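*Asks:* Got a structure for you, written out below as structure tokens; questions coming shortly.
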Amino acid sequence: MTVLLAGGGLLSIDFGLAIWILITFLIFLGLLWKFAWGPITNALEKREQNIKESLEAAEKAMKRAEKISRENEEALKEAEQKAQQIRKEAIEEAEMLRKERIEQAKEEADKMLERARDTIEQEKQQALNELRDEVAELAIQSASRIIDAELDEEKNTKLVDDYIRNLSNN
């Protein structure tokens with residue numbers, strides 16, 4: 001206890017030293033505020049601002065990317081629709097062309113058939129004319145034979161039989 005009462009103990013307060021410590025601490029805080037706190041807070045504010053700007057830019061880029069993606073999807077759908085339309089038109093055009101070619105082929109076949117019929121009819125008429133001419137000539141020849149020969153029954157029958165035989169040979 002004597003140590004405590006003597007004034008130099010551990011729990012004794014030296015007010016002069018405390019005031020100097022307080023003044024030094026305040027000067028340190030002032031210097032810290034002026035030289036460290038301001039730049040640190042400025043740097044943190046700048047960093048915060050940069051992060052906000054980066055986030056906003058990222059958000060804008062994301063929105064723009066979504067918009068471009070939607071536009072690309074719409075363009076793709078439109079391109080698919082156009083491709084389907086072109087495909088449909090090509091199929092229709094091919095079908096129409098096929099029908100036209102079939103119709104032309106039918107028309108040509110009909111014309112060829114008609115020409116063949118005409119040719120056959122002409123040849124038939126020509127053959128009939130030739131046959132008439134020949135029959136007329138044969139009739140004249142037969143008539144002249146009949147006139148030359150006597151007109152008895154036996155000779156007449158023989159002439160007709162000969163005439164029929166001659167017709168089947170020609």
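*Asks:* Straight-line reach from residue 111: which lysines have Cα under 24 Å away, leaving out those fewer than 8 places along the same chain?
*Replies:* Filter leaves 99, 124.
*Asks:* What are the ³J(HN,Hα) values, in whole Hz, obtained from phi via the Karplus relation 6.51 cos²θ - 1.76 cosθ + 1.60 with θ = phi - 60°, for each residue of the range 133-143 in sequence order, with x given for Gly and Pro?
*Replies:* 4, 5, 4, 4, 5, 5, 5, 5, 4, 5, 5
*Asks:* For the charge dipole of the chain, defined by +1 on Lys and Arg C-beta atoms and -1 on Asp and Glu C-beta atoms about the Cα centroid, which residue among 69, 57, 119 has the Cα displaced farthest towards the positive pole?
*Replies:* After comparing all options, I get 57.
*Asks:* At R0 = 45 Å, how high is the FRET efficiency between residue 113 and residue 78 if r is their beta carbon distance? Nearest 0.05 is fine.
*Replies:* 0.30
*Asks:* So, one more: Within straight cross-link reach of residue 46, meaning Cα distance under 26 Å, which lysines are found once same-chain residues fewer than 8 apart are removed?
*Replies:* Output for residue 46: 34, 60, 63.
*Asks:* Based on the Cβ-Cβ distance of residue 129 and residue 103, what FRET efficiency does E = 1/(1 + (r/R0)^6) give at R0 = 41 Å, to the nearest 0.05?
*Replies:* Rounded to the nearest 0.05, the efficiency is 0.60.
Taken together, the values in this text are just the output of simple stated rules run on the coordinates, not laboratory data. Fair warning: this is a prediction, and the values are worked out from it, not measured in the lab. Every residue, glycine as well, gets a Cβ built from its backbone with ideal geometry; the counts of neighbours run over all protein chains shown.
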